[in-house]
1. Taking the condition of being closer than 20 Å to Asp166 by Cα, open to solvent by less than 30 Å² (accessible area, probe 1.4 Å) and assigned to a helix (DSSP H, G or I), how many residues in segment 29-75 meet it?
2. Report, by residue number, each residue of segment 74-126 that is more than 22 Å from Glu155 (Cβ to Cβ) and touching a Phe, Trp or Tyr at 6+ places or on another chain (Cβ under 7 Å).
3. Can you give me the number of residues within segment 132-144 that are surrounded by 19 or more Cβ atoms within 10 Å (Cβ to Cβ) and either out of contact with any strand residue (DSSP E or B) (no Cβ under 8 Å at 6 or more places or on another chain) or in contact (Cβ under 8 Å) with a residue 40 or more places away in the chain (or both)?
4. Of the residues Val101, Val78, Val161, only one is among the hydrophobic types (A, V, I, L, M, F, W, C) and either assigned to a loop (DSSP other than H, G, I, E, B) or touching an Asp or Glu at 6+ places or on another chain (Cβ under 7 Å) (or both); which?
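The values are calculated or read from the model by the stated rules, or taken from the named source; none is laboratory data. The structure presented is a predicted model; accordingly, all values stated were derived computationally and were not measured. Quick reminder, even Gly has a Cβ in these numbers, built from the backbone with ideal geometry, and neighbours come from all protein chains shown. What goes into the accessible areas is simple: the full protein's heavy atoms, side chains included, and nothing from ligands, DNA or RNA. Shrake-Rupley method; radii C 1.70, N 1.55, O 1.52, S 1.80 Å.
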Amino acid sequence: MGLDSYVSQISIRKATTADAELLSELGARTFSETFAVDNTPENMAAYLADAFTPEEQLAELSDPNTIIKFAELDGAAVGYSVLSPNRTPPEIDSENAIELVRLYVSQDSIGTGVGARLMKDCLDYAAQLGFETIWLGVWEHNRRAQAFYRKWNFEVVGTHVFQLGDDAQTDLLMKRTMRQ
């Protein structure tokens, strides 16, 4: 099946509080698929036990300022995104910014257009709400994600610390102006 066929079959839907278990499972699985090979099992376990519990996901889903969407292919969730107007770090230099907190795609769906559909949806949503800037943090060693974000006109503007278990890691801060 060609890429165009996959892209036309990808649907995006807003998550609800009933999706807490699904988000917990998909979040933990995609995070593990992306980072387990480069981190210790102990640090991965500590982070996953804190960040991807059903209770934590329910709290995120219940936050009226956070928007979570699933990408589905053939009725199955294969990726998701999280947007939130969190506290913006000074490097972003915008009074009206929204954070792309997460954009993850299951390993077996990479290359099918899922990430692109999620990113387009995030950018459209941010534009509809009138945000001037969208920003994110991406691990300095995650070259694939950095290349993806650069294709969408994000630029590196600084760094911050991402705590994975007992490992203080460096994330690149990237931003994109919405008027492009």
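1. Residues meeting the conditions: 5.
2. Result: Ala77, Gly79, Tyr80, Thr112, Gly113.
3. 3
4. Values: Val101 fails: either assigned to a loop (DSSP other than H, G, I, E, B) or touching an Asp or Glu at 6+ places or on another chain (Cβ under 7 Å) (or both); Val161 fails: either assigned to a loop (DSSP other than H, G, I, E, B) or touching an Asp or Glu at 6+ places or on another chain (Cβ under 7 Å) (or both).
After ruling out the rest, the residue left standing is Val78.
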